[in-house]
Amino acid sequence: MDSTTWFTACQDRDSQVQASAYTDLFAYLSRAALHILSDQPEAEALAQDCAQIALVRIHQRLDDCREPAAFRTWARQIVSNLAIDTLRRRSRLTFAAQDELEAALEEAAAEQTSPEEEVTMSTGLSDLYVAIQSAPISDRSRRLVIGRYLQELADEPLAQIESDLVGKAVLPSHIQVTRAKNMAKLRTWEPLLTLLELTR
Amino acid sequence: MADEITPRERMRDALQNKTDKAACDGCLSRLEEYVAAQLDGRDYLSLFPEIAIHLDGCLQCAAAYARLYRLELAAATATLPQLQQPRLPDLAFLQPAPGPQPTLPDLLRAAISQLKNGVRLQLSAGLLPHLQPPPALSPTRTPAGEERYAEQLYMLDSSEISDSEGLLKLAVYRDEQQPQDCLVEVTVTPPGRTWPLLAGILVALELPNLRREQRTNPWGAAAFAQVPIAELDKLLVEVQI
């Protein structure tokens, strides 16, 4: 069912058509929530609880969906926000096991290569470049930090570089995961903090 | 990237990023837009520079981002997981909300009507539950001979509504000896009349196959025994003043 048809069916005056549309929507939202919550205990039950809350919220806010053609995305965003909020309230908002595993495998593969690095960056940053090159993080992590902060690259080209190095597709989200973890390490590394005139 | 701050400032911001609840709330509330812009191929770093910096400085929000990013990829490629034990949704929210429940005064106004020289009370199944007395805290002691009508089933006082002319009270007691029957006691107190001038008022009690009449005593009371409890919801009381 396309988004516009689905949106229209959710408002149908025929109660059977409407109920059927919401039942289908519940199944779809449960799958979306399960994708986010898949590494949690009782993941299916948790996902369906989120989907039920989302269903009521969608019904109440149907008028807020101004683009019927984007109804599916709009509805999915409501349930994904609920799922993320559920993790946050339970203090379980951590990297998904799959993200951790794939990022680690990619990093291990990247460490076995010896890429020739040609770094083009803005002027006046060579002190930062030298500092990051000696930071206690992996080569891959260095590339991602330098790529973002000194070369001002988005995660897509960085993911492409890493994909070429390891010979498999690397998601831009894994670039973000790896860089966030290494920025946390750099936050306590004195030489960089001193260079940037930051205190711990 | 077309933002104003320099790479050095951006790195400083990321390293001293504040990961308090307000900052995370702000980031998470716009994360969907950020991911959508990224997947649409838009310049998300320029559109959401503060979110990009926050994600590098906050592991929790970076984790949320990674989960959302993967969800959007799975949705785009129709690879969302299937549930092993799907259940049906609760669709009660689709039913229209019930209207406001009528109050006892509303029900009494509908049940009591003024006659030319009196007043009429029509009981109904909807009204009876509202007339049940509160549960007694302890058994009521009754004088010998009155124990037969000790259990009060219903009570009604027309003074609950201000527009009833001639105050009418109704009390219904179960007949201990014939539990399917009850005693209906009607007390009438027309304005300006008190004991003993309350005697002689005609009270009629009607059921589908029954009509009984009585005159009130000096206290304004008329009692009708052996009234079937099962028919109380059809009981009509007429008072001629």
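The values are calculated or read from the model by the stated rules, or taken from the named source; none is laboratory data. This one's a predicted model, so the numbers in the text were calculated from it and none came from an experiment. As a convention, Cβ positions derive from the backbone with ideal geometry for all residues, glycine included, and neighbour counts pool all protein chains shown.
Out of the residues in region A:44-82 that are polar (S, T, N, Q) and under 23 Å from B:Arg30 (Cβ atoms), which is surrounded by the most Cβ atoms within 10 Å (Cβ to Cβ)?
Result: A:Ser80.
Can you name every residue in region A:21-58 that is polar (S, T, N, Q) and either facing chain B (nearest Cβ under 9 Å) or in a helix (DSSP H, G or I) (or both)?
Residues satisfying the conditions are A:Thr23, A:Ser30, A:Ser38, A:Gln48, A:Gln52.
Is it true that A:Arg179 is facing another protein chain (nearest Cβ under 7 Å), over 13 Å from the mean Cα position of the chain (by Cα), crowded, with 16+ Cβ neighbours inside 10 Å and basic (Lys, Arg)?
For A:Arg179, the condition - facing another protein chain (nearest Cβ under 7 Å), over 13 Å from the mean Cα position of the chain (by Cα), crowded, with 16+ Cβ neighbours inside 10 Å and basic (Lys, Arg) - is not met.
Pairs only if they're at least six apart or on different chains, beta carbon under 6 angstrom, first in region B:200-226 and touching a residue at least 24 places away in the same chain (Cβ under 8 Å), second of a type in the set (Phe, Trp, Tyr); list them, first residue then second.
If the second residue must be of a type in the set (Phe, Trp, Tyr), the pairs left are B:Leu205/B:Phe224; B:Trp219/B:Trp195.
How many residues, within region B:35-62, are facing chain A (nearest Cβ under 7 Å), surrounded by fewer than 24 Cβ atoms within 10 Å (Cβ to Cβ) and under 12 Å from B:Cys24 (Cα atoms)?
3
Among A:Ala75, A:Ala51, A:Ala83, A:Ala32, which is the only one that is closer than 23 Å to B:Cys24 by Cα, at pLDDT 95 or above and in contact with a Phe, Trp or Tyr (Cβ under 9 Å, 6 or more places away or on another chain)?
A:Ala75
Across region A:60-90, what is the number of residues that are under 20 Å from B:Cys58 (Cβ atoms) and not in a helix (DSSP H, G or I)?
1
Of the conditions (1) under 30 Å from A:Val170 (Cβ atoms); (2) part of a helix (DSSP H, G or I); (3) of a type in the set (A, V, I, L, M), A:Leu93 clears all except one; give me its number.
Unmet for A:Leu93, out of (1) under 30 Å from A:Val170 (Cβ atoms); (2) part of a helix (DSSP H, G or I); (3) of a type in the set (A, V, I, L, M): (2).
Can you pull out every residue in region B:1-34 that is part of a loop (DSSP other than H, G, I, E, B) and within 7 Å of chain A (Cβ to nearest Cβ)?
Within region B:1-34, B:Met1, B:Gln16 qualify.
Could we say that B:Leu68 is in contact with a helix residue (DSSP H, G or I) (Cβ under 9 Å, 6 or more places away or on another chain) and in a helix (DSSP H, G or I) here?
yes
Taking region A:182-194, which residues are of a type outside the set (Ser, Thr, Tyr) and more than 11 Å from chain B (Cβ to nearest Cβ)?
Scanning region A:182-194 gives A:Glu190, A:Pro191.
Could you list all residues from region A:166-176 that are in a loop (DSSP other than H, G, I, E, B) and surrounded by 18 or more Cβ atoms within 10 Å (Cβ to Cβ)?
A:Val170, A:Leu171
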